[in-house]
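Engineer: Please find one structure pasted underneath; my questions will follow.
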Amino acid sequence: MDNKTIYFDNMDSTQMLEPVFDAMKPYFMEKFGNPASLHQFGLDAEDAVTESREKIAGLLRANPEEIVFSGSATESNNSAIFGVAHEAPKGKHHLIVSKVEHHAVLNVMKLLAKKGFEVTFLNVNREGFVDPDDLKKAIRPDTLLFSVVHGNHVIGTVQDLKALGGVCRDSGVLFHTDAAQSFGKTPINVQELPVDLISMNAHKMHGPKGVGALYIRKGVKVGRLMEGGPQENNRRPGTENVPAIVGMAKAAEISIENLEKDNAYMIKLRDRLIGKMLEIPDTHLNGPRGENRMPNNANITFLYIEGEAILMHLSMRGVYVSSGSACSSIALMPSNVLTAIGLKHEEAHGSIRFSFSKLNTLDEVDRAVDHMKAVAEQLRAMSAFVPSKHSEITGAGQTFYKKKKNEL
């Protein structure tokens, strides 16, 4: 990237680190064998996968056999939920999920509802937290699984896995968490956390795209979704993507080793941006403040202007941000996360997510704020819904404006 470009969309994807790319290179052109082959090239590839599995397991304090590599966190989410449902004991046909999940979880739950499972969609509070008492009330004798996103992909809320997992453990309910955003940025120790299934990926922590992993606690029954060979302990058939797996392990290793230092730096970026953005009139922060927020997330609503217009104008200025997760912003629909925390559609449509990495700078924060101030002023000058323009609107237009203002 050139020095003028400001990339604040790191919750969609991050720039790969050079040490990660260097670790991957030999497995493209030199050690290119199939891990299932018995000759030396195959054994070298198998050793690389085994070593990577051990690294990921060690970072989670898990056993290597509890780690299954996948093609993405989306695949891991599908495998976890569909797999548990496939092996559901008789009489266990109730599932619980929060309303602030990624579509890779929500859509699986909706499909299972069509297939005969009962699904409870759990409310969250204004900051996006699931109340453990609400979870306790939702659990029934036939409840099989509860799923919640650990670090929210839109508003950065970090759920209390220990409290929520404790409720599940006390009730004999399996607990799955989508840690696509939090793995590598938040400590996860499965020896201390009562979590049964964890979905992860690499490209949110400066690793390659197209690779993920699923932690499955020993003893948890998860049916496999595809048929084929015995790869991944007979849980996920198909030749492993060795370079990507090696890259994921290296990225995770670097992220965990530097977690405290990198988080402190990203929090500095985050809080500086939030403070300066909220100086712009008619703005508010979505999600919590402080330690219960992802260190790299800021989600801000800019009233009276459309998020898509903000994205376009910032992009023309070389500032790259998002209106939510890439998977939902393509459809130009208001984020389910933002509506779940109580935002009206107009507010949700005017919300922008700024997400950082350790490669960003304070200077970029200051320049992004300056660009945003100019864009907000420009777009509001063209908007019919800005309160300062109320006196200039008459007749039917005034009635329309008053109605819209009340909706906001």
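Engineer: Using a Gaussian network model of the chain whose springs link C-alpha atoms within less than 10 Å, name the residue from SER52, SER357, SER383 with the highest mean-square fluctuation.
Structural biologist: Checking each option, the largest mean-square fluctuation is seen for SER383.
Engineer: Sticking with this one: Students often forget the sequence filter, so: which lysines lie under 19 Å Cα-Cα from LYS114 once same-chain residues fewer than 8 apart are removed?
Structural biologist: Correct list for LYS114: LYS90, LYS92, LYS99.
Engineer: Could you identify which residue out of ASN201, ASN286, ASN189 has the top mean-square fluctuation in a GNM of the chain using Cα springs shorter than 10 Å?
Structural biologist: Among ASN201, ASN286, ASN189, the largest mean-square fluctuation in the Gaussian network model of the chain belongs to ASN189.
Engineer: Kindly provide the helix-only [θ] at 222 nm of the chain, computed as the sum of -39,500 (n - 2.57) over DSSP H runs of four or more divided by all residues, to the nearest 500 deg cm²/dmol?
Structural biologist: After summing the helix terms and dividing by residue count, I get -12500 deg cm²/dmol.
Engineer: Taking the Cα atoms only, what angle lies between the long axis of helix 40-60 and the longest principal axis of the chain, rounded to 10 degrees?
Structural biologist: Once rounded, one gets 60 degrees.
Engineer: For a protection proxy built on the mean count of beta-carbon atoms within 10 angstrom, sort 103-110, 5-12, 259-266 highest first, please.
Structural biologist: Packing order, densest peptide first, comes out as 5-12, 103-110, 259-266.
Engineer: Under 21 Å Cα to Cα from LYS185, which lysines show up? Leave out anything in the same chain fewer than 8 places away.
Structural biologist: Within the straight-line limit of under 21 Å, LYS185 reaches these lysines: LYS55, LYS162, LYS204, LYS209, LYS250, LYS261, LYS268, LYS358.
Engineer: Could you work out which residue, out of PRO334, PRO243, PRO89, moves most in a Gaussian network model of the chain, that is, has the largest mean-square fluctuation with Cα springs under 10 Å?
Structural biologist: PRO89
Engineer: Applying a 10 Å radius around every beta-carbon, put 21-31, 161-171, 292-302 in order of their mean neighbour count, most first.
Structural biologist: Packing proxy ranking, top to bottom: 292-302, 161-171, 21-31.
Engineer: On to the next question. Could you work out how far the C-alpha centroid of the stretch 52-79 sits from that of the stretch 86-146, in angstrom?
Structural biologist: Between the Cα centres of the stretch 52-79 and the stretch 86-146 lies a distance of 23 Å.
Engineer: With a Förster radius of 51 Å, plug the Cβ-Cβ distance of LYS268 and HIS39 into 1/(1 + (r/R0)^6) and report the FRET value to the nearest 0.05.
Structural biologist: Efficiency, rounded to the nearest 0.05: 0.50.
Engineer: Another question about this same structure. Looking at the chain only, what percent of DSSP beta bridges run antiparallel? Nearest 5 please.
Structural biologist: Percentage antiparallel, nearest 5: 50.
Engineer: Can you work out the FRET efficiency for the pair GLU87 and LEU259, with r the C-beta to C-beta distance and R0 = 41 Å, to the nearest 0.05?
Structural biologist: Result of the calculation: an efficiency of 0.75.
Engineer: Going by average Cβ neighbours within 10 Å, how do the peptides 337-346, 373-382 rank, with the highest at the top?
Structural biologist: Order by mean packing, descending: 337-346, 373-382.
Engineer: Which whole-number percentage describes the relative contact order of the stretch 56-190, with Cα contacts under 8 Å and a sequence gap of 6 or more?
Structural biologist: The normalised contact order for the stretch 56-190 reaches 26 percent.
Read the figures in this text as sums done on the coordinates, not as results from a lab. These numbers come from a predicted model, not from an experiment. Please note: Cβ atoms are built from the backbone with ideal geometry, for glycine as well, and neighbour counts cover all protein chains shown.
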